[in-house]
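These notes concern the structure reproduced below.
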Amino acid sequence: MNVSRAWLDLAACRDVPHDVFFTDGGGPGVLARAREVCGACPVRGTCLADALRWPALAQFGFRGGMTAQERQTVVRARRGALAVEAAR
């Protein structure tokens, strides 16, 4: 699948060090900084959709305004909804 990634040029995080978004805990200050950057991002929704498009990678980093754990919850909920729909 050929997916355009041009939206990355508009991302608020484009000039922010990656360790703000990919850290092992890092404490509440790091998470607050990531949320602050994402909160002001004009492509946050696109970023989140991209992160959710690849569930195997959803376990890494802070993307689309959500932690990896938060995105995993969304992925599991989607799978559950799809299973219920398929059972109908």
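The values are calculated or read from the model by the stated rules, or taken from the named source; none is laboratory data. None of these values were measured; they are calculated from a predicted model. All Cβ positions, even for glycine, are placed from backbone atoms using ideal geometry, and neighbour counts span all protein chains on display.
Condition test on residue 52, is it surrounded by 12 or more Cβ atoms within 10 Å (Cβ to Cβ) and either in a loop (DSSP other than H, G, I, E, B) or at pLDDT below 90 (or both)? Spell out the reasoning first.
Working: surrounded by 12 or more Cβ atoms within 10 Å (Cβ to Cβ): yes; either in a loop (DSSP other than H, G, I, E, B) or at pLDDT below 90 (or both): yes.
When the stated conditions are applied, residue 52 passes them.
What is the number of the single condition among (1) modelled with pLDDT of 90 or more; (2) assigned to a helix (DSSP H, G or I); (3) of a type outside the set (A, V, I, L, M, F, W, C) that residue 42 does not meet?
Against the list (1) modelled with pLDDT of 90 or more; (2) assigned to a helix (DSSP H, G or I); (3) of a type outside the set (A, V, I, L, M, F, W, C), residue 42 comes up short only on (2).
Checking the conditions here, which among 74, 84, 30 is surrounded by 11 or more Cβ atoms within 10 Å (Cβ to Cβ), in a helix (DSSP H, G or I) and modelled with pLDDT under 85?
Working: 74 fails: modelled with pLDDT under 85; 84 fails: surrounded by 11 or more Cβ atoms within 10 Å (Cβ to Cβ).
When all the criteria are applied, what remains is 30.
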